[in-house]
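Undergrad: For reference, the structure I am asking about is given below.
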Amino acid sequence: MDMIRILIADDHTMVREGLRKLLQTDESIEIIAEVGDGQGAINVARKEKPDVILMDINMPGTNGLVATQIIKKEMPAIKIIAITIYEDEEVVEMVKAGVSAYILKDVAGSELISTIHKVMAGEVVIHPRVAKRLIKELVRSENTKNDIKLTRREKDVLTLLVKGSSNKNIAEIMFISEKTVKNHLTSIFRKLGVKDRTQAAVYALKTNIVEVD
């Protein structure tokens, strides 16, 4: 039987020790390393290519979300189980980043081990309380998106803004004056509730309010 190679990433020593002792009760699991921050997880993942990473979200420096995004982009075959003490606000972003499971630290030991085997079998496991939070966040995001009514011109301007076009470029592409572009941007910022171009671009990408190739 092939061993399941595990990397533990958590900034609390006691948590790492507890997880190690728990996982050592399963003979099919091998703990290859333990790290206390996201950058450490990235470094070990690149070198050792673990099968599964138990990833805490809130860690100093490079947090679990950023580490997950980088690891899944570079090494998509690695399974990542997000493990946190509460229903974290970044649950949606972690799911979008490609985690295979999202569980809370108060789960029973048998449930954690079961989750590891499930993700290795290709399943996705979300803790019931986290699932409720995820649904609420997705519904809120969709409602927010639907409540914002941009005109066709405003959507065109926002799309070009997201692509990095300057006001001058936008004006040339749309055959309008730079003053008109500024007027459109003022209206867009007001409707989105943002203060500048960067915030508008981030909001647009997060909510998919415009389609960008």
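The values are calculated or read from the model by the stated rules, or taken from the named source; none is laboratory data. Note that this is a predicted model, so its numbers are computed, not measured. Please note: Cβ atoms are built from the backbone with ideal geometry, for glycine as well, and neighbour counts cover all protein chains shown. Quick note on the areas: whole protein, heavy atoms, side chains included, nothing else; ligands and nucleic acids left out. Shrake-Rupley method; radii C 1.70, N 1.55, O 1.52, S 1.80 Å.
Undergrad: Give the residues of segment 26-53 that are under 13 Å from I116 (Cα atoms), of a type outside the set (D, E, K, R) and open to solvent by 40 Å² or more (accessible area, probe 1.4 Å), sorted by residue number.
TA: I31
Undergrad: If you go through segment 183-203 one residue at a time, how many are exposed (fewer than 13 other Cβ atoms within 10 Å of the Cβ) and not β-branched (V, I, T)?
TA: Counting residues in segment 183-203 that are exposed (fewer than 13 other Cβ atoms within 10 Å of the Cβ) and not β-branched (V, I, T) gives 4.
Undergrad: Within segment 20-64, track down each residue that is closer than 18 Å to L104 by Cα, touching a residue at least 60 places away in the same chain (Cβ under 8 Å) and not in a strand (DSSP E or B).
TA: L22, L23
Undergrad: Among the listed residues D11, D56, identify the single one that is modelled with pLDDT under 95, open to solvent by less than 20 Å² (accessible area, probe 1.4 Å) and either on the phi > 0 side of the Ramachandran plot or out of contact with any Ser or Thr (no Cβ under 6 Å at 6 or more places or on another chain) (or both).
TA: The unique qualifying residue is D56.
Undergrad: Okay, next question. Which one is most open to solvent (accessible area, probe 1.4 Å) among residues in segment 143-182 that are acidic (D, E) and more than 12 Å from I209 (Cβ to Cβ)?
TA: Among them, the one singled out is E172.
Undergrad: Among H127, H117, which is the only one that is touching a Phe, Trp or Tyr at 6+ places or on another chain (Cβ under 9 Å) and at pLDDT 65 or above?
TA: Going through H127, H117 in turn, just one is touching a Phe, Trp or Tyr at 6+ places or on another chain (Cβ under 9 Å) and at pLDDT 65 or above: H127.
Undergrad: Could you list, in sequence order, all residues of segment 90-115 that are surrounded by fewer than 18 Cβ atoms within 10 Å (Cβ to Cβ) and small (G, A, S)?
TA: G98, A108, G109, S110, S114
Undergrad: A further question follows. For segment 74-94, does any single residue satisfy the condition of being under 27 Å from D2 (Cα atoms), hydrophobic (A, V, I, L, M, F, W, C) and in a helix (DSSP H, G or I)?
TA: no
Undergrad: Let me ask something else about it. Of all residues in segment 166-186, how many are under 20 Å from T207 (Cβ atoms) and in contact with a helix residue (DSSP H, G or I) (Cβ under 8 Å, 6 or more places away or on another chain)?
TA: The total comes to 2.
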